[in-house]
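The values are calculated or read from the model by the stated rules, or taken from the named source; none is laboratory data. Computed from a predicted model, the values in this text were never measured in an experiment. We place every Cβ from the backbone using ideal geometry, glycine too, and count neighbours over all the protein chains shown.
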Amino acid sequence: MKILVTGGLGFIGSHTIIELIKNNHEVIIADNLINSKIEVLDKLCQITGIKPAFYQIDVTDEEKLTEIFENNKIDGVIHFAGLKSVGESVSKPLEYYYNNLVSTMVLSKVCIKYGVQKFVFSSSATVYGDQPSPLREDMELKKTTNPYGETKAMSERILTDTVNANKDFAVSLLRYFNPVGAHESGLLGEDPNGIPNNLMPFVSKVAKGQLKKLSIFGDDYETVDGTGVRDYIHVVDLAKGHVKAIEKLDSGVNIYNLGTGRGTSVLELINAFMKVNAVDVPYEIVGRRPGDIATCYADADKAEKELNWKAELGIEEMVRDAWKFEQQNV
Ligand code: NAD
Ligand code: UD1
């Protein structure tokens with residue numbers, strides 16, 4: 001297939017492009033570089049031997065997006081482009097709603113105009129809100145706690161209504177759990193601007209000595225050791241899930257959790273990082289972070305049954321690859 005990947009130079013998009021190319025798909029990238037670097041294109045070429053066509057455009061720009069569809073016979077799209085910082089979404093709600101919702105609407109509109117049936121969307125486990133894990137795709141969604149989460153819930157609704165009104169349009173809503181890790185080459189990984197908010201990039205920077213110590217947000221949750229439990233998934237496993245999802249997609253709205261189905265606590269993750277990488281990660285326990293929940297992990301059975309996909313890499317590979325990338329690049 002010829003697949004348009006929006007946000008293809010970002011963390012998850014770039015890893016997905018490698019897996020698409022490995023599976024003999026042709027890739028076109030649209031990215032405005034708001035949270036990525038053009039050098040990623042060369043790294044993709046280094047890893048795959050292929051340099052995909054790249055368009056530096058904003059996906060909210062209907063005219064520029066239309067040009068791509070005019071000039072290419074596209075079979076499907078994977079829509080990663082979006083802003084993703086929870087904290088920033090609270091201080092800049094309009095930017096988040098505009099970017100994440102308008103990009104989704106414009107892209108689906110252009111897909112329908114050009115008869116492109118397959119649309120894969122990057123959603124998030126955040127749409128489940130605070131309810132008991134394991135989280136299943138058929139659970140009712142609960143209110144999210146921030147504008148970023150709302151953009152994911154709203155995008156899911158917009159795409160669902162659009163499929164209901166257009167029988168030739170099909171959507172896969174992929175709810176990611178906590179993507180971490182990096183490509184085994186050490187060339188690609190997660191490189192957030194400024195001080196990281198998420199656990200794994202923060203841990204990597206502490207291990208490197210760039211940040212003094214990690215603050216663990218609470219040790220009084222009802223979990224195995226009192227710290228928060230999440231379903232960390234290696235970004236390469238996540239990328240493979242996208243290939244399966246777009247290859248399988250033929251009609252309707254299809255929702256899949258992409259997680260491992262296993263929960264890991266903050267302390268378990270830090271201990272694995274120190275042991276596997278033989279480095280020290282100083283930490284202290286501080287108060288809970290507002291908006292955090294105790295536990296969040298997937299029921300991953302549906303993706304296994306219907307997509308024949310299942311995460312294969314464990315916490316050891318995640319911490320190993322995150323550290324390798326940190327040492328080589330950031
Ligand atoms: P990322 O920021 O690394 O990648 C997103 C890419 O989209 C960047 O390259 C950015 O430049 C581009 N982009 C943003 N807005 C754009 C626009 N209007 N037009 C063109 N390009 C635009 O993020 P990521 O971690 O790779 O996440 C990809 C998607 O998955 C996002 O939609 C994100 O919300 C979603 N998601 C991420 C996580 C996570 O933990 N990383 C979890 C759940 C869902
Ligand atoms: C966060 C977002 C979620 C988003 C996801 C993307 C919030 C409230 N939620 O999820 O919407 O989809 O990122 O990956 O921001 N922790 C520490 N110290 C730190 C950082 C994190 O103890 O410095 C803990 C957290 O309390 C949590 C766990 O580590 O228990 C994971 O945190 P994080 O990586 O930020 O992800 P989530 O909170 O699950």
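Say we look at region 117-135 and pick out the residues that are touching an Asp or Glu at 6+ places or on another chain (Cβ under 7 Å) and among the hydrophobic types (A, V, I, L, M, F, W, C); which of these is farthest from LYS152 (Cα to Cα)?
That would be LEU135.
Tallying residues that are surrounded by 18 or more Cβ atoms within 10 Å (Cβ to Cβ), of a type in the set (S, T, N, Q) and more than 12 Å from ligand 1 (Cβ to nearest atom) within region 150-189 yields 2. Looking at region 116-138, which of the residues that are more than 13 Å from ligand 2 (Cβ to nearest atom) and farther than 18 Å from SER172 by Cβ is surrounded by the fewest Cβ atoms within 10 Å (Cβ to Cβ)? Looking at residues that are more than 13 Å from ligand 2 (Cβ to nearest atom) and farther than 18 Å from SER172 by Cβ, I get PRO132. As an exercise: evaluate VAL110 against (1) modelled with pLDDT of 95 or more; (2) assigned to a helix (DSSP H, G or I); (3) within 18 Å of the chain's Cα centre (by Cα) and give the number of the one condition it does not meet. The one condition VAL110 does not meet is (3). Give the residues of region 303-316 that are surrounded by fewer than 17 Cβ atoms within 10 Å (Cβ to Cβ), assigned to a helix (DSSP H, G or I) and touching a residue at least 24 places away in the same chain (Cβ under 8 Å), sorted by residue number. Scanning region 303-316 gives GLU306, GLU316.
Take the conditions in a loop (DSSP other than H, G, I, E, B), within 16 Å of ligand 2 (Cβ to nearest atom) and under 19 Å from LYS152 (Cα atoms) and apply them to ASN100. Does it pass? Against the criterion (in a loop (DSSP other than H, G, I, E, B), within 16 Å of ligand 2 (Cβ to nearest atom) and under 19 Å from LYS152 (Cα atoms)), ASN100 does not qualify. When you scan region 249-258, do you find a residue that is within 15 Å of ligand 1 (Cβ to nearest atom) and within 19 Å of GLY13 (Cβ to Cβ), even just one? Yes: region 249-258 contains one or more residues that are within 15 Å of ligand 1 (Cβ to nearest atom) and within 19 Å of GLY13 (Cβ to Cβ). When ALA239, ALA165, ALA245 are screened for being free of Cβ contacts under 8 Å to residues at least 12 places away in the same chain, out of contact with any Gly (no Cβ under 7 Å at 6 or more places or on another chain) and of a type in the set (A, V, I, L, M), only ALA165 passes. Of the set (1) surrounded by 18 or more Cβ atoms within 10 Å (Cβ to Cβ); (2) more than 30 Å from ALA322 (Cα to Cα), all apply to LYS143 but (1).
Considering region 9-92, there are no qualifying strands (runs of 3 or more DSSP E) wholly inside with 3 or more residues that are within 13 Å of ligand 1 (Cβ to nearest atom) and surrounded by fewer than 15 Cβ atoms within 10 Å (Cβ to Cβ).
Within region 161-172, does at least one residue satisfy the condition of being away from ligand 2 (no atom under 14 Å from the Cβ), under 20 Å from THR126 (Cα atoms) and either at pLDDT 95 or above or of a type in the set (Val, Ile, Thr) (or both)? The answer is yes, given that some residue of region 161-172 is away from ligand 2 (no atom under 14 Å from the Cβ), under 20 Å from THR126 (Cα atoms) and either at pLDDT 95 or above or of a type in the set (Val, Ile, Thr) (or both).
Rundown of residues vs (1) over 21 Å from the mean Cα position of the chain (by Cα); (2) polar (S, T, N, Q), yes/no style:
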| position | (1), (2) |
| --- | --- |
| ILE74 | yes, no |
| HIS79 | no, no |
| SER133 | no, yes |
| PRO147 | no, no |
